[in-house]
Amino acid sequence: MTIASLKTRDYFDGNGSTCVFELPFMFMRDEDVKVLVSDVEGVETVQILGSDYTLTGAGEQACGECHMNRTLQKGEVLFVRRCPALTQEADYLENGAFPAASHEAALDKLTMICQALSERLDRTISLRISSAVEGLVLPEPAADNVLGWNAAQDNLENKEIIDFGQVAIPISVTQGGTGATNPTEALIGLGFGATGMAVSCCSTGEEVLQTIDSEGNIVRTLSGSLLKAVYGDEAQVHTGTDLSELVVERNHVVWTLTEESHFTDVSLPYDGTYVFHVYPAGYELNLAVSYKMSEMLASPNPLAGEIRVVVEQFNARKTILVVQNMEV
């Protein structure tokens with residue numbers, strides 16, 4: 001029997017020096033062999049016969065070789081498989097000769113076709129032998145949907161995550177989450193910062209984070225025990241017309257303006273919340289656009305007794321959470 005091996009495909013790891021690879025199977029024509037290369041990131045690229053590679057040994061019992069036009073680097077993988085055309089080329093004439101070579105070549109090709117189909121079926125999803133499900137079909141792809149069984153449990157359909165009684169990440173506020181992936185957006189999602197936020201002190205001396213509505217009324221208060229622990233007892237003093245020379249050492253900074261100044265981008269030593277107590281003394285304070293901030297933030301008022309600016313840094317992104325104009 002000519003086709004004695006069940007092997008119809010193989011792969012080879014690149015080593016930075018090899019460009020010739022021995023095929024583990026017999027093939028009739030060069031076009032029957034398909035070649036692709038997977039790069040170090042797993043991206044597969046189909047190779048072109050005659051351009052990316054050549055073959056030798058077609059029709060030979062001793063198999064053949066694949067000659068790549070370049071060496072495969074470490075991390076690259078070469079995949080080869082036999083995939084003959086699904087055609088029947090042996091023409092037997094009535095009352096004509098029945099040559100053994102032609103007959104055996106035709107049987108060889110049929111065997112190769114069967115092996116190629118078997119190899120492809122081995123890589124497909126199939127139901128268990130005991131399954132009673134018939135006529136299973138896949139629905140057309142739908143963006144941001146997943147596949148799931150229908151109510152009758154006899155076919156698949158497109159479903160949203162919430163159809164399974166589960167939730168997506170980040171979890172929305174309506175499903176008990178914050179709808180955010182960082183502290184800033186979490187506070188906004190929970191309602192702190194929707195119309196304005198303020199850091200203030202309660203009767204016990206504890207700092208709290210408050211949501212202020214458009215009329216200045218406090219609509220929500222967040223305990224500030226953690227804020228007090230982070231801020232410490234002593235503020236860092238800064239002078240100048242911007243923050244370019246400021247080396248931040250504390251979580252809160254006192255800055256008295258002596259002329260029109262700019263709240264420029266500042267290097268913060270670690271992720272967390274920083275409070276700037278700016279005393280404008282009648283001078284304008286301009287906020288740098290490099291900060292992420294809500295359009296609903298108040299504008300700094302040069303007539304305020306203090307402009308309190310709360311900045312949060314998270315994953316190297318800086319956000320102005322609060323701009324509060326305090327009374328004189």
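The values are calculated or read from the model by the stated rules, or taken from the named source; none is laboratory data. Treat the numbers as computed from the prediction; the structure is a model and nothing was measured. Note that we place each Cβ from the backbone using ideal geometry, even for glycine, and neighbour counts take in every protein chain shown. Please note that ligands, DNA and RNA were not included when accessible areas were found on the heavy atoms of the full protein model with its side chains. Shrake-Rupley method; radii C 1.70, N 1.55, O 1.52, S 1.80 Å.
Counting only strands (runs of 3 or more DSSP E) that fall entirely inside segment 263-328 and contain at least 1 residues that are of a type in the set (V, I, T), the qualifying elements are 272-279, 306-314, 317-326. Within segment 110-123, residues that are among the charged types (D, E, K, R) sit with their Cβ atoms under 8 Å from residues that are open to solvent by 40 Å² or more (accessible area, probe 1.4 Å), at 6+ positions apart or across chains, in these pairs: E119/R9; E119/R81.
Table: residues versus (1) at pLDDT 80 or above; (2) under 21 Å from D10 (Cβ atoms).
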site	(1), (2)
M68	yes, yes
E89	no, no
S102	yes, no
L107	yes, no
I113	yes, yes
E119	yes, yes
D122	yes, yes
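Entry remark, segment 74-103: residues being open to solvent by 80 Å² or more (accessible area, probe 1.4 Å) and touching a residue at least 40 places away in the same chain (Cβ under 8 Å) number 1 in total.
Entry remark, segment 11-60: residues being touching an Asp or Glu at 6+ places or on another chain (Cβ under 9 Å) and acidic (D, E) number 3 in total.
Before we move on, is D32 open to solvent by less than 60 Å² (accessible area, probe 1.4 Å) and touching a Lys or Arg at 6+ places or on another chain (Cβ under 7 Å)?
Values: open to solvent by less than 60 Å² (accessible area, probe 1.4 Å): yes; touching a Lys or Arg at 6+ places or on another chain (Cβ under 7 Å): yes.
When the stated conditions are applied, D32 passes them.
Can you tell which of T124, T71, T54 is β-branched (V, I, T), open to solvent by 60 Å² or more (accessible area, probe 1.4 Å) and closer than 21 Å to V33 by Cβ? Among T124, T71, T54, only T54 is β-branched (V, I, T), open to solvent by 60 Å² or more (accessible area, probe 1.4 Å) and closer than 21 Å to V33 by Cβ.
Can you say whether F314 is at pLDDT 90 or above, among the aromatic types (F, W, Y) and within 29 Å of T181 (Cα to Cα), as far as the supplied structure shows? So F314 fails the test. Every test in (1) assigned to a loop (DSSP other than H, G, I, E, B); (2) in contact with a strand residue (DSSP E or B) (Cβ under 7 Å, 6 or more places away or on another chain) is passed by E41 save one, and that test is (2). Looking at the structure I just gave you, is E140 open to solvent by 70 Å² or more (accessible area, probe 1.4 Å), out of contact with any Phe, Trp or Tyr (no Cβ under 6 Å at 6 or more places or on another chain) and modelled with pLDDT under 85? Considered against the rule, which asks whether it is open to solvent by 70 Å² or more (accessible area, probe 1.4 Å), out of contact with any Phe, Trp or Tyr (no Cβ under 6 Å at 6 or more places or on another chain) and modelled with pLDDT under 85, E140 comes out as no.
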